[in-house]
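What follows is a set of notes on a single structure, which appears directly below.
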Amino acid sequence: MAIALARRYRPRRFSDLLVQDHVAAVLRGAVQRDRVGHGYLLTGPRGVGKTTAARILAMALNCPRREPSGDPCGECDSCLRIWNGSASLDVVEIDAASNRGVDDARDLRERAMYAPSEESHYKVYIVDEAHMLTREAWNALLKILEEPPPRVVFVFATTEPQKIAATAAPVLSRLQRFDFRRIGPAAIRERLRAVLAEEGIAAEEDALTIIARHADGGMRDALSVLDQCLSFGDGAVTAARVRETLGLAGDERFAEMLQVVVGRDPAGVFALVERLMDAGADLGEFMNGAAELLRSLLMVQVGAEPEGLTEAMRALLRQYQGELEPGDVLRMLRLLTDNETAIRRSANSRLVVETLLLRWAMLDRVVDLEQVLRGTPPSPSGTAAPPRSRPVPPADPGGAEPERRAAERRASATPAASAPPTPPPAGETGPGPAGMAAFPFTLEAIREAWPSVIAAVRAESRFLGEALAATQPAGAEPPELRVTMAEPNPLLHERLEQQAATVERVVSTRVGAPVRLRIALEAPVETGRESPATRMSESGIRAARLKGLRARDPALDAAADELDLEIVE
Ligand SMILES: [Zn+2]
């Protein structure tokens, strides 16, 4: 296959423009009636046909064999040259991403003054990625557009029209704007099917579905994925081959994921991620797929019909739609969006994904526990006698500190609706939840300030804050600050090691001296002086707290039994 499919099947006529009939009709009509404007702005997502439409317009304006409908013939010498993007006297393509200087704009202005090569011809400038043009370039263009030379047409294509609005509003008012639509999965599938039929290649329906979903509205992307799949091997295009090409996980991995969540099986998370890694799946792609699946699940649950799903996925949705509450699915989606950036950007996306899946697998029990500990009644389950709604009784003085810590940890463990989706950028010393006073670099002082250190770190990274909450200061010998993890937890430990600099910075600004964080995995040797809380994990504290509450409050005790609350470990 010498020519790439995306190129070979690129439209040559207005009527070939997929889905963009509204644009095609107007442009074709303008050509037909000889009322083409001087400036057009074509906006829309990647790969939906903006540049192609601009070329077809240029072809139509310069085609000696133009059809009465306004469509170019698509076959004459002039048409082919323009369509190929090769040298044409009358069509100039400019990639603004690489030509953004004033000089280029000045050059453009001078060149625009030259008339088209022949009297009947139009000079068409196609400016791609137009939002990349500088203000100076736009100013130069504005002068041209204010007094446009005859038979000169500017076509600007952009994915980000709002940027042009910000830098070149006066130009915008002189352009005729067309918004290109995203191409839906059904239209992409149909087009792929037609192309494959033309090529005489068979394909599984699921294979086309996966490509269409992956291309996310871009025809060009869909065709180049298909190209890659074809170069991968002979014979029919199968779903398996498409997944392999794209590094996608199989539907059975998504089934496994839902089973881990529905079965409340945190241990299954590690096996699942292991298998994904073994199969060479891209974790970011997998979580994209998971998001898509949850969204579809939610749609099915509220009675809508999701599109673009493979048959296996449909079966999955049927199987699980009754197993998860829509509220749970929403919470899972929120946790996922909160962590999207981390999944994509983190040096250790595996850790982020594992932590997220763990939280999914523990979701509702954690939430119920929060409610009980907060003293608010659990969501009405209908049958259970609700616990009395009253504030949590004050604990005895000895337990005050662990209680406070527990409260903070609870705040972080909840998929908090109030928490900002993205932490403030590191380095910013904005007022965190705990605007802390300075304290000396001594173990005692650091221990006392530890909850507020945790809070400040959490304000920058919720994950890191949670990891830090599982530690206790165990030694302070400037510049070294030694912390121990109450229980060995490789996940949290790794996270702390990776982002030690953030903790160091937070402590350092408070003690006014450089800090080196050292993390020990094992619990410290018993010194006899430490309070029991320092050796308790977060869940241990919760367990103790819940036990205490249950002992004090029989109603709560009953409710906890009813709701099958248990401490997730
Ligand atoms: Zn032609």
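Observations on the structure shown:
- Distance between the pseudo-spin-label points of ARG516 and ARG344 (7 Å out from Cα toward the beta carbon): 3.7 nm.
- Remark on VAL237: its backbone amide H falls under 5 Å from those of ALA202, ALA203, GLU204, a criterion applied only to residues 5 or more positions apart or on other chains, H modelled at 1.01 Å from N.
- The listed peptides 78-86, 285-293, 508-516, ordered by packing as a protection proxy, come out as 285-293, 78-86, 508-516 (highest mean of other Cβ atoms within 10 Å first).
- Based on the reciprocal of the average 1/r between different C-alpha atoms, the Kirkwood radius for the range 1-56 equals 12.3 Å.
- Cα-based Kirkwood hydrodynamic radius, the range 9-102, one decimal, Å: 13.7 Å
- In terms of surrounding Cβ atoms within a 10 Å radius of their Cβ, THR341, THR355, THR238 rank from fewest to most as THR341, THR238, THR355.
- Once the C-beta distance of GLU118 and ARG295 is scaled by a Förster radius of 41 Å, the resulting FRET efficiency is 0.15 to the nearest 0.05.
- Residues with amide H under 5 Å from that of LEU17, placed H, sequence gap 5 or more: none
- Over the range 5-179, the ratio between the Cα radius of gyration and 2.2 N^0.38 Å evaluates to 0.96.
- Reduced Cα scattering model of the range 153-263, Debye log10 I(q)/I(0), q = 0.22 Å⁻¹: -1.10
- Taking the three principal axes of the alpha carbon atoms in the range 210-298, the coordinate ranges are 41, 28, 20 Å, sorted in descending order.
- Gained length - GLU448 relative to GLU274, 0.36 nm times residue gap less alpha-carbon distance: 58.6 nm
- Rounded to the nearest 20, the Cβ-based charge dipole of the range 5-179 about its Cα centre (Lys and Arg +1, Asp and Glu -1) stands at 320 debye.
- Kirkwood radius for the range 260-343, taken over all pairs of different Cα atoms as the inverse mean of 1/r, rounds to 13.8 Å.
- Once both labels are positioned 7 Å from their Cα atoms along Cα-to-Cβ, the gap between ASP95 and VAL262 label points is 4.8 nm.
- The residue list LEU18, PRO68, ALA6 was ranked by how far each Cα lies along the charge dipole of the range 5-179 toward its positive end, using unit charges on Cβ atoms, and LEU18 comes out on top.
- Placed amide H near ARG518: partners under 5 Å, 5+ positions off or other chain: LEU481, ARG482, VAL483
Quick note: the coordinates plus some simple rules give every number you see, no bench work behind them. Predicted model, so just to flag it, every value in this text is computed and none were measured. Ideal geometry is used to build each Cβ from the backbone, glycine not excepted, and the neighbour counts take in all protein chains shown.
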